[in-house]
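The values are calculated or read from the model by the stated rules, or taken from the named source; none is laboratory data. Here the structure is a predicted model, which is why all the values come from computation and not from measurement. All Cβ positions, glycine included, derive from the backbone under ideal geometry; neighbour counts span all protein chains shown. We work out accessible area using only protein heavy atoms, side chains counted, and drop any ligands, DNA or RNA first. Shrake-Rupley method; radii C 1.70, N 1.55, O 1.52, S 1.80 Å.
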Amino acid sequence: MKYVLITGGVVSGLGKGVTASSIGVVLQACGLRVTSIKIDPYLNTDAGTMSPFEHGEVFVLDDGGEVDLDLGNYERFLDVTLTKDNNVTTGKIYQSVLDKERKGDYLGKTVQVVPHITDAIKDRIEAVALIPVDGKEGPADVCVIELGGTVGDIESMPFIEALRQLSFSVGKDNFCLIHVSLIPVLGVVGEQKTKPTQHSVRELRALGLTPHLLACRSAQPLLDNTKMKLSQFCHVEAANILNIHDVPNIWHIPLLLRNQNAHHSILKQLNLLSIATPPDLEAWTRRAETFNNFTDSVRIAMVGKYVGLIDSYLSVVKALLHACIACSLKPSIDWIAASDLEDDTAQSAPEAYAAAWKSLRNAECVLVPGGFGDRGVSGMILAAKYARENNVPYLGICLGMQISVTEYARSVLGLEKANSNEFDDETPDPVVIFMPEGSRTHMGSTMRLGSRRTLFQTPDCVTSKLYCNPYYVDERHRHRYEVNPDVIGVLEEAGLKFVGKDETGKRMEVLELPSHPFYVGVQFHPEFKSRPGKPSALFLGLILAARGKLEAYLTRHQNGS
């Protein structure tokens with residue numbers, strides 16, 4: 001196994017995940033099979049219980065793993081299906097070591113960070129690297145490892161030491177280290193400053209790891225004298241100093257790397273030049289450049305809780321992007337804080353209230369994504385009601401589906417106090433209830449997670465036509481509340497149709513409003529499986545409906561014909 005390690009320096013948030021994904025894309029384009037591992041040095045076992053405000057989106061895998069959003073980047077860029085083991089956290093490592101200690105595996109020995117924790121890290125990396133993720137048999141050729149955080153963080157020290165040992169044990173021909181660092185420009189001087197990167201590389205070398213390549217993040221392309229200074233003081237060949245400057249869209253980054261012969265430097269370090277082919281990025285280039293030329297855009301109202309941090313809805317944003325590109329459009333997303341739509345805001349912050357409603361009324365379609373907690377729920381209900389009553393295309397995901405059920409029960413059935421048990425335990429009309437098998441005492445990994453099958457109740461529904469499958473679809477889930485099966489009959493009599501159910505027939509997975517141009521709610525998260533060039537069917541349906549092109553599309557593509 002060949003390993004490519006991506007570390008970061010100076011500041012966090014430099015885009016190590018996109019860099020790692022892009023390196024994987026370029027290596028794939030050279031004919032190599034690639035897998036990925038993300039190391040997160042936090043003590044949480046996984047990302048499942050972390051706030052989107054603090055850590056961004058929780059990405060869900062087929063096997064139910066709740067992982068860092070960078071694994072979503074890997075899946076989208078590399079078109080692979082990762083496992084929860086591809087996300088290594090401090091919590092997982094320490095838990096495994098402590099479990100072994102309790103069982104007596106280290107009987108008589110003092111359990112220490114070195115060698116027990118570092119050995120566990122190395123063993124985990126080497127085992128996970130062998131898991132095939134591209135649908136083929138046998139291990140990949142190259143494993144791209146991203147170390148989260150910044151070099152020098154106390155939390156990442158055991159991982160740095162384990163990776164130093166790994167680089168020694170696998171040999172220099174099987175290990176390539178790429179250090180991502182920032183090259184800032186001081187406003188007054190206007191000079192590209194290399195000192196922060198010099199210090200970062202010095203610290204990395206002091207810990208026993210020497211970078212083979214530098215990936216320098218900057219607003220503008222690096223100047224030649226900046227490259228020479230970095231080469232001289234960081235002991236990295238000038239040819240191995242890559243510049244990842246700001247680009248119109250992130251799909252240009254693999255092209256940037258290819259144009260700087262990054263693949264040649266990596267393949268040379270890994271002794272793979274003899275088996276690799278010249279990188280074929282024709283389709284990737286076409287996608288990146290085509291998007292730049294789009295002039296028409298579609299206005300999408302995103303009504304949610306966490307709109308203050310776009311990373312909270314990263315996969316939703318990417319899925320919208322993929323769908324818009326398939327329609328030759330650019331997405332123009334109006335981020336609407338759900339609470340700004342509520343009547344209370346009209347009194348406390350009238351300007352925010354007016355701006356939110358103006359954005360909603362100007363939108364061509366409305367999307368209510370998933371979330372937890374009762375903040376903003378009333379605003380989401382108002383958004384769902386507006387879309388339903390005004391024939392504006394609507395897509396509700398997870399909580400967004402539950403919101404549409406609650407709104408319909410209140411507005412159409414006249415059940416004014418209809419609610420979800422998540423927000424009101426005492427509601428006389430619980431239209432959304434806690435899952436029977438859910439745990440009320442433990443939060444981590446207790447939701448309905450991972451890939452589950454949804455069976456379509458009729459081949460004539462819009463959703464089955466969009467998926468080009470009259471029978472079923474497999475999508476990823478992440479929820480602990482669901483539509484109350486006791487109210488399905490009365491809701492369907494009133495016109496709301498539950499066209500997708502789980503294999504037991506008791507869990508509602510997809511709802512549609514047949515009298516509406518496009519009003520769809522889904523309990524699963526279709527955004528997690530959307531890919532560039534292969535957009536999620538439901539996001540595509542939303543964008544097509546926003547432009548009045550859905551009927552024509554379904555006529556052409558009905559059931560794959």
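Numbers for the structure displayed
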item: Contact order normalised by residue count of region 235-374, Cα under 8 Å, 6+ apart, percent; result: 24 percent
item: Modelled FRET efficiency - R0 45 Å, E237 with A355, Cβ distances, 0.05 increments; result: 0.30
item: Segment A127-N225, length gained on full extension (0.36 nm per residue, minus Cα span); result: 31.0 nm
item: Those GluC sites (Glu not before Pro) in region 489-559 that DSSP places in a loop and that have at most 13 other beta carbons within 10 Å; result: E503
item: Å² of accessible area per residue within region 2-289, as computed with a 1.4 Å probe and no ligands counted; result: 42 Å²
item: Principal axis dimensions, largest first and in whole angstrom, of region 309-439 by Cα; result: 46, 39, 29
item: Segment D311-S51, length gained on full extension (0.36 nm per residue, minus Cα span); result: 92.5 nm
item: Charge dipole (debye, nearest 20) of region 294-559; +1 at Cβ of Lys and Arg, -1 at Cβ of Asp and Glu; result: 1140 debye
item: Leading residue at positive end of dipole, the chain (Cβ point charges), from V88, Q232, L78; result: Q232
item: Whole-percent carbon and sulfur share, accessible surface of the chain, 1.4 Å; result: 49 percent
item: Cα long-axis angle, helix 224-234 against the chain (0 to 90 degrees, to the nearest 10); result: 70 degrees
item: Distance (nanometres) between label positions extended 7 Å along Cα→Cβ at A346 and D79; result: 5.0 nm
item: Computed over the chain: relative contact order in percent, which uses C-alpha pairs under 8 Å that are six or more apart; result: 14 percent
item: Global geometry of region 108-163, whether rounded, prolate or oblate, following the gyration tensor of its Cα atoms and the 1.5 cut on a/c; result: oblate
item: Quotient of C-alpha Rg and 2.2 N^0.38 Å, computed over region 294-343; result: 1.23
item: Dipole of the chain [Lys/Arg +1, Asp/Glu -1 at C-beta], most positive-end residue of V34, H516, S451; result: V34
item: Cleavage-rule hits (chymotrypsin sites (Phe, Trp or Tyr not before Pro)) in region 10-64: DSSP loop, at most 11 neighbouring Cβ within 10 angstrom; result: none
item: Anchor K195: lysines whose Cα lies under 27 Å away (excluding residues fewer than 8 positions away in-chain); result: K16, K227, K229
item: The chain - share of DSSP beta bridges that are antiparallel (%, nearest 5); result: 30 percent
item: Of the GluC sites (Glu not before Pro) in region 153-207, those whose Cβ has at most 16 other Cβ within 10 Å and which sit in DSSP loop; result: E191
item: Square roots of five times the Cα gyration tensor eigenvalues for the chain, Å; result: 43, 27, 23
item: Size of electric dipole in region 2-289: Cβ of Lys, Arg +1 and of Asp, Glu -1, about Cα centre, debye, nearest 20; result: 900 debye
item: Region 2-289, relative contact order in percent, only Cα pairs under 8 angstrom and at least six apart counted; result: 26 percent
item: Nearest 10 degrees, 0 to 90: helix 157-170 Cα axis against the chain principal axis; result: 60 degrees
item: Additional length obtainable on full extension of the chain from E492 to D153, 0.36 nm per residue less Cα span; result: 116.5 nm
